[in-house]
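S.K.: Handing you this structure, nothing more for now.
The values are calculated or read from the model by the stated rules, or taken from the named source; none is laboratory data. As the structure is a computational prediction, the values presented were derived from the model and not from experiment. Virtual Cβ from ideal backbone geometry, glycine too; neighbours counted across all protein chains shown. Accessible surface areas use protein heavy atoms only, side chains included; no ligands, DNA or RNA. Shrake-Rupley method; radii C 1.70, N 1.55, O 1.52, S 1.80 Å.
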Amino acid sequence: MVVTQLNLEFCFRGKKLRGFSCELTRSPHGVLPESFFTIMCQVVVPILLSGLCMMAAGLVMNTVQHWPVFVEVKDLLTLVPPLVGLKGNLEMTLASRLSTAANTGQIDDPQEQHRVISSNLALIQVQATVVGLLAAVAALLLGVVSREEVDVAKVELLCASSVLTAFLAAFALGVLMICIVIGARKLGVNPDNIATPIAASLGDLITLSILALVSSFFYRHKDNRYLTPLVCLSFAALTPVWVLIAKQSPPIMKILKFGWFPIILAMVISSFGGLILSKTVSKQQYKGMAVFTPVICGVGGNLVAIQTSRISTYLHMWSAPGVLPLQMKKFWPNPCSTFCTSEINSMSARVLLMLVVPGHLIFFYIIYLVQGQSVINSQTFVVLYLLAGLIQVTILLYLAEVMVRLTWHQAMDPDNHCIPYLTGLGDLLGTSLLALCFFTDWLLKSKAELGDISELASGPP
């Protein structure tokens, strides 16, 4: 399919036409040209900024894990990945929906813009309340399985902290995403390239900071038996209000009715990553796990969200739901076609994959400068860490291509169904691979130390 774009500019003086200019752009690949350099320039700054914010989130988590509330209520650490993962379930999905709406001209009309914004904000408040409560329940169930004990006061604290954190973070980030998408549209920048990484960057830091402050507040007032139940009931009572606002938009109501499975399953997947984190973070051989977890999970989630949003926009612009373009007919494409062809989506996948190693090296170096000797810095660990980041992002980018094709073939919107799964998998993959890096590095060091001891023992007396 050849796409032709015709840009006409007319110059009027008074009511008379005094001149015009004409620009014709043709693309043989089905999309308007977007060069490797253009994609790189638009993506690299948001990714670096998001990385800095994720490093800040890692440093915050490394500090707050020693706070009394986190020491006493161990399930709070299990709650971190699914709550932080709300950026993928809600904010990044919102950013992707709004980017698609902006690129297809749906928010150019002021009245339509107001309807889209208000209904989307109401939607994420309903989702945040429900998912926040379910995340707390999942953390409690995983805690019960491993410890076989339940404290009612801690249950109430965990539920209230989760619901309030999810609500506040969703509202703040939702408003920010709306401003960024509308601003990018007016500046002529593709929102797909910048909205999702910024959502993720501030999402980690804001969500973790709010969770720490809110849980500490409830912990200080744990003698007040009515405070935490009242908070949960208040936010539950607001849910019908958000539903009424969301009813303005039929597509949003469709998401509200049928879009729960992706975000709930993604939350469950992220919870297993939280279980790995809570089991490893306090052990000596995993020292530094709290600092690096938000970084490796966030980088993977950012990059795959950008790619998913771009593919989704491509399909919305040049195809109809349920019908895949000719070059995307295969549900399980050859990995080479995902990364090594001249198609625009393959080009963007190469750009995103190329950012993994230099990005992680920059983030690792800054973390080392800030934390000093408290962060593991052996060459073996650095190589393992970079390899883990590459494996994570390669798997996620390929799965993004597969999942977007499958969901589009089923006439479902990839913006709503793919990003939650992929960011949840990114959290689980990132946490698992990072734990494996720490364990492998510790194992290799232990073997080397044992070898040195054996040599000393077998030496001359």
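S.K.: Within the range 344-377, how many residues turn out to be open to solvent by 30 Å² or more (accessible area, probe 1.4 Å) and modelled with pLDDT of 80 or more?
M.R.: Selection size over the range 344-377: 13.
S.K.: Looking at VAL231, VAL268, which one is modelled with pLDDT of 85 or more and within 25 Å of LEU208 (Cβ to Cβ)?
M.R.: VAL231
S.K.: Could you tell me which residue of the range 412-447 is farthest from THR100 (Cα to Cα), considering only residues that are surrounded by 22 or more Cβ atoms within 10 Å (Cβ to Cβ) and β-branched (Val, Ile, Thr)?
M.R.: The selected residue is THR431.
S.K.: Let me ask you something else. For the range 207-217, state whether one or more residues are open to solvent by less than 50 Å² (accessible area, probe 1.4 Å), hydrophobic (A, V, I, L, M, F, W, C) and modelled with pLDDT under 85. Walk me through it before giving the result.
M.R.: Step one: filter the range 207-217 for residues open to solvent by less than 50 Å² (accessible area, probe 1.4 Å), giving 207-212, 214-216.
Within this subset, residues satisfying the condition of being hydrophobic (A, V, I, L, M, F, W, C) are 208, 210-212, 214.
This time we only want the ones that are modelled with pLDDT under 85, so: 208.
Yes, the range 207-217 has at least one match.
S.K.: If VAL73 satisfies every condition in (1) modelled with pLDDT of 75 or more; (2) farther than 21 Å from ILE311 by Cβ; (3) of a type outside the set (S, T, N, Q); (4) open to solvent by 10 Å² or more (accessible area, probe 1.4 Å) but one, which is the exception?
M.R.: With (1) modelled with pLDDT of 75 or more; (2) farther than 21 Å from ILE311 by Cβ; (3) of a type outside the set (S, T, N, Q); (4) open to solvent by 10 Å² or more (accessible area, probe 1.4 Å) applied to VAL73, the lone miss is (4).
S.K.: Only one of (1) of a type in the set (Gly, Ala, Ser); (2) over 17 Å from LEU90 (Cα atoms); (3) modelled with pLDDT under 80 is not met by ALA237, so which one is it?
M.R.: Unmet for ALA237, out of (1) of a type in the set (Gly, Ala, Ser); (2) over 17 Å from LEU90 (Cα atoms); (3) modelled with pLDDT under 80: (3).
S.K.: Here are some conditions: (1) surrounded by fewer than 24 Cβ atoms within 10 Å (Cβ to Cβ); (2) in contact (Cβ under 8 Å) with a residue 40 or more places away in the chain. ASN334 meets all but one. Which one does it not meet?
M.R.: Condition not satisfied by ASN334: (2).
S.K.: State whether the residues of the range 286-300 include one that is more than 30 Å from SER446 (Cβ to Cβ) and of a type in the set (Ser, Thr, Tyr).
M.R.: no
S.K.: Would you tally the residues in the range 378-411 being open to solvent by 40 Å² or more (accessible area, probe 1.4 Å), of a type in the set (S, T, N, Q) and out of contact with any Lys or Arg (no Cβ under 9 Å at 6 or more places or on another chain)?
M.R.: 3
S.K.: Pairs, please: C-beta under 7 Å, at least 6 apart or cross-chain, first residue touching a residue at least 12 places away in the same chain (Cβ under 8 Å) and on the phi > 0 side of the Ramachandran plot and in the range 113-130, second surrounded by fewer than 20 Cβ atoms within 10 Å (Cβ to Cβ) and of a type in the set (S, T, N, Q)?
M.R.: Taking only residues 6 or more apart or on different chains, not a single pair turns up.
S.K.: Shifting gears a bit: Report, by residue number, each residue of the range 176-218 that is assigned to a helix (DSSP H, G or I) and over 30 Å from PHE292 (Cβ atoms). Step through it out loud before you land on a result.
M.R.: Residues of the range 176-218 that are assigned to a helix (DSSP H, G or I), as a first pass: 176-187, 191-218.
Across the range 176-218, the qualifying residues are ILE178, CYS179, VAL181, ILE182, GLY183, ALA184, ARG185, LYS186, LEU187.
S.K.: Restricting the first residue to the range 265-289 and requiring it to be touching a residue at least 12 places away in the same chain (Cβ under 8 Å) and within 20 Å of PHE364 (Cβ to Cβ), which pairs with a second residue that is open to solvent by 60 Å² or more (accessible area, probe 1.4 Å) and aromatic (Phe, Trp, Tyr) meet a Cβ separation below 7 Å and a spacing of at least six or different chains?
M.R.: GLN285/PHE439; GLN285/TRP442
S.K.: Mind checking whether some residue in the range 27-36 is surrounded by fewer than 24 Cβ atoms within 10 Å (Cβ to Cβ), among the β-branched types (Val, Ile, Thr) and at pLDDT below 75?
M.R.: yes
S.K.: Considering ALA136, ALA102, ALA128, ALA172, which residue is closer than 22 Å to ASN224 by Cβ and either open to solvent by less than 10 Å² (accessible area, probe 1.4 Å) or modelled with pLDDT of 85 or more (or both)?
M.R.: None of the others qualify; the one that does is ALA136.
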